[in-house]
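In what follows, a structure is listed as structure tokens, so that the remarks can point back to it.
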Amino acid sequence: MELADLTAHELLELISKKEVSPQEVVKSCIDRIEKYEPKIKAYLFIRNPEEIINSVKEDEPYSAIPIAIKDNILVKGLPNTCASKILANFIAPYNATVIERLNKKSLNIIGKTNLDEFAMGSSTENSAFGPTRNPWDIERVPGGSSGGSAASVAMGSAIWALGSDTGGSIRQPASFCGVVGLKPTYGTVSRYGLVAFASSLDQIGPITKDVTDCALLYSFINGYDPNDSTSLNIEPYRYSPLKGDIKGIKIGLIRELLGEGVDPSVKKCIEDSVKIFEDLGAIIEEVSLPYISYSVPTYYILAPAEASSNLARFDGVRYGFRASGKTAEEMMSNTRGEGFGPEVKRRIMLGTYVLSAGYYEAFYLKALKFRNLIASDFRKAFERFDVLISPTSPTLPFKLGEKVENPLEMYLADICTIPINLAGLPAISIPSGFVNNLPVGLQIIGPVFSEAKLFEVAYAFEQATPFHKRRPQLGGISYGV
Amino acid sequence: MLSIEEVLHIERLARLKLTDKEREMYRNQLNDVLNYAAKLDEIDTSNVPPMYHVLPVSNVLREDIPREIFSQEEALSNAPLKEGGFFVIPPILGGEE
């Protein structure tokens, strides 16, 4: 193990005991970038190494802990492409609120990470600048859309990262890359400065190597922000050391997310996890959420509808790429046609269709009703259970190119994570085992504002298992590809 | 099955210029997704209220007090074409450039 393999809280302790210097930590991460980034391609922009080292301040311990930021979260003065040609030359003129909060702690931003264009996708293959590879097996995808952030942490080039999650975009890549990812309760983390995809579903959240780091980073970024009208003015989560006592806690195993379409090896992993929770004194029962099976069609109406409206702003007038055209309208249509990639266009077309006259009620309104049914399924389940569990992804990390030709199949990869966004709930994905040296994630879901409880349950599991200590064998990366 | 005319109509509404090849591809793919979405017709939802938002808050407004956020220069810093403090675009109505 090198310094780049450790967690933030481990490194902070070593630094405070003066066993390592802050510069050594930062250099260890930069070294990882130099060695492995050419194969993994987790980043779209990397700050100058000298600048990163110079950002270390002796009296600011967090400045020694490099963080990677998904390239749809604005960092003033840095590029923000959303992995799209349409924003290829865009420089962020202001900081997202989460960045302002990280700056208060002097966190050291190492770079901006790759994503599916505008966060639309589950494999990071929809990036206009090429795909990111999974550090556990570079033939496979890192998941998406925050695949760059998850891979950056798994490869040790950053100690932790921020991603965004609209239908699983933090949790599924965390699962595929063997790290921890949290989708917070809707409204607890400001979306100001996050490029909007589907505003009623988007949340920013942490990607880390263990649950303690996740709780720490979440404590930095959560809290009320008047610049986001959907930010909730409630008492924020504050970090306190996790205990992991879950004796007597009631856990529901979601039946619908362990059925058809779930890889048997993933299912076996989750069943093993159930035994671990039982040994820890938790009470586990199966629970049925019947409307959950309607989540994918509901999501793939609502999310594109919101996206088609949000992405109207990319018209070649005020920023970004501009194509030619004799009239303003022709210029706009050409700009969007040439500037957006295939998946973004697909979703704009779909969203425009379901919102158009004559189809609004049959599709959009209908999906809003299902959103209500799905949310009430969860409400009922939480009357009986403290938390619910499921796989994070129904499959192991798949190979590059495997699902690109079939959008519907790619959409079905999100079955376990989508319902949580529709209901606005918090959920965390943690490593729960390995199959053929590929990580499997366990998803733990709680009622709104139950992050503190999610951390305790996840921490109890983590401390009873060895999976969070495992790191990809980067030295063994095959360079033949 | 969506017709090509319908695809053209959506394309126009979305201000999104597609190629002939893309038009045919999206026609097929949108059909797949919409057919899949027909799964929602399995359940009678006539008595279910739509859920527009998960938060119990609405009409969040702030006082309309002017404040300095961007300078004109900053606001124009990413503009593809600008002149004299304005964004420059082609004519709104048809005609010569």
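From the list B:Leu40, B:Leu16, pick out the single residue that is in a loop (DSSP other than H, G, I, E, B), open to solvent by less than 30 Å² (accessible area, probe 1.4 Å) and modelled with pLDDT of 95 or more.
Checking each option against the conditions leaves just B:Leu16.
Note down all Cβ pairs under 8 Å where the first residue falls in the range B:14-25 and is at the interface with chain A (Cβ under 7 Å from one of its Cβ atoms), the second is among the aromatic types (Phe, Trp, Tyr) and in a helix (DSSP H, G or I), and they're at least six residues apart or on different chains.
Final answer for the pair search is B:Leu18/B:Tyr26.
Across the range A:310-338, what is the number of residues that are facing another protein chain (nearest Cβ under 10 Å), part of a helix (DSSP H, G or I) and either surrounded by fewer than 19 Cβ atoms within 10 Å (Cβ to Cβ) or not aliphatic (A, V, I, L, M) (or both)?
Of the residues in that region, 10 qualify.
Only one of B:Asn59, B:Asn47, B:Asn28 is closer than 30 Å to A:Ala423 by Cα, within 24 Å of the chain's Cα centre (by Cα) and more than 7 Å from every other protein chain (Cβ to nearest Cβ); which?
B:Asn59
Which ones in the range A:76-87 are away from chain B (no Cβ under 11 Å) and surrounded by fewer than 24 Cβ atoms within 10 Å (Cβ to Cβ)?
A:Leu78, A:Lys85
Considering only the range A:12-54, state which residues are among the basic types (Lys, Arg), in a loop (DSSP other than H, G, I, E, B) and under 23 Å from the mean Cα position of the chain (by Cα).
A:Lys41, A:Arg47
When both residues are 6+ apart or on different chains and their Cβ atoms are under 8 Å apart, which pairs have a first residue that lies in the range B:80-91 and is open to solvent by 60 Å² or more (accessible area, probe 1.4 Å), and a second that is at pLDDT 95 or above and among the charged types (D, E, K, R)?
B:Leu81/A:Arg322; B:Phe87/A:Arg318
For A:Glu256, all conditions in the list (1) touching a residue at least 40 places away in the same chain (Cβ under 8 Å); (2) assigned to a helix (DSSP H, G or I); (3) buried (at least 19 other Cβ atoms within 10 Å of the Cβ) hold save one; what is the number of the exception?
Condition not satisfied by A:Glu256: (1).
Check whether at least one residue in the range A:342-352 is within 14 Å of chain B (Cβ to nearest Cβ), closer than 28 Å to B:Arg15 by Cα, acidic (Asp, Glu) and open to solvent by 20 Å² or more (accessible area, probe 1.4 Å), and report yes or no.
There is no residue in the range A:342-352 that is within 14 Å of chain B (Cβ to nearest Cβ), closer than 28 Å to B:Arg15 by Cα, acidic (Asp, Glu) and open to solvent by 20 Å² or more (accessible area, probe 1.4 Å).
Taking the range B:62-79, which residues are part of a loop (DSSP other than H, G, I, E, B), open to solvent by less than 70 Å² (accessible area, probe 1.4 Å) and more than 7 Å from every other protein chain (Cβ to nearest Cβ)?
B:Ser71, B:Leu76
Is one or more of the residues making up the range A:261-268 in contact with a strand residue (DSSP E or B) (Cβ under 7 Å, 6 or more places away or on another chain), under 30 Å from A:Pro61 (Cα atoms) and surrounded by 19 or more Cβ atoms within 10 Å (Cβ to Cβ)?
Checking the range A:261-268: not a single residue is in contact with a strand residue (DSSP E or B) (Cβ under 7 Å, 6 or more places away or on another chain), under 30 Å from A:Pro61 (Cα atoms) and surrounded by 19 or more Cβ atoms within 10 Å (Cβ to Cβ).
Determine which member of the set A:Gly325, A:Gly248, A:Gly316, A:Gly339 is closer than 28 Å to A:Ala413 by Cα and at pLDDT 95 or above.
Of A:Gly325, A:Gly248, A:Gly316, A:Gly339, the one residue that is closer than 28 Å to A:Ala413 by Cα and at pLDDT 95 or above is A:Gly339.
The values are calculated or read from the model by the stated rules, or taken from the named source; none is laboratory data. None of the values given here were measured: they were computed from a predicted structure. Every residue, glycine among them, receives a Cβ derived from its backbone with ideal geometry; neighbour counts consider all protein chains shown. These accessible areas exclude ligands, DNA and RNA; they are computed on the full protein's heavy atoms, side chains included. Shrake-Rupley method; radii C 1.70, N 1.55, O 1.52, S 1.80 Å.
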